[in-house]
Amino acid sequence: MTDRSFKESASMSDKALAEYIGAFARYHRMQKNKTQDELSTAAGISRSTLSLLERGEPVTVTTLIQVLRVLDQLSVLRVFEVRETISPLALAKLQKEKRQRARGKSKKKDDKSADSSW
């Protein structure tokens, strides 16, 4: 398989992207030395559905996940991970609100042990 840059993928049509995904599935099926029948049975889908996927025809996301699971390729889904980020301004505001130093215990004026003998 060849790597394609994000720019190149963004300019591809939906059909071309589906074919790219199908080629990915076919490539990894062949690397595992599995027939379409073996893979489709293991994934719990029909052979014709797997054939549709490999040709770049429309299939459900569930079908794609089932195939990726059997091919041990679920790691490609990590690109969909959502990570919360914080803006630099919000981070600066949080830093400003943090305590900068510890304050010692305040002495009470009524405390007789603290009175001087003058």
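The values are calculated or read from the model by the stated rules, or taken from the named source; none is laboratory data. Keep in mind it's a predicted model, so treat the numbers as computed, not measured. Here the Cβ positions follow ideal geometry from the backbone for every residue, glycine too, while neighbour counts run over all protein chains shown.
Among the residues of the stretch 28-44, write down those that are among the hydroxyl-bearing types (Ser, Thr, Tyr) and surrounded by 15 or more Cβ atoms within 10 Å (Cβ to Cβ). Result: Ser40, Thr41. Name every residue in the stretch 32-56 that is in a helix (DSSP H, G or I) and either touching a residue at least 60 places away in the same chain (Cβ under 8 Å) or within 20 Å of Asp14 (Cα to Cα) (or both), in order of residue number. Selection gives Thr49, Leu50, Ser51, Leu52, Leu53, Glu54, Arg55.
Within the option set Arg55, Arg4, Arg47, Arg69, being surrounded by 10 or more Cβ atoms within 10 Å (Cβ to Cβ) and at pLDDT below 90 holds for one residue only, Arg4.
On inspection, Val59 fails the criterion of being part of a helix (DSSP H, G or I) and of a type in the set (Val, Ile, Thr). Across the stretch 14-31, the qualifying residues are those that are basic (Lys, Arg) and touching a residue at least 40 places away in the same chain (Cβ under 8 Å), and the one among them that is farthest from Val70 (Cα to Cα) is Lys15.
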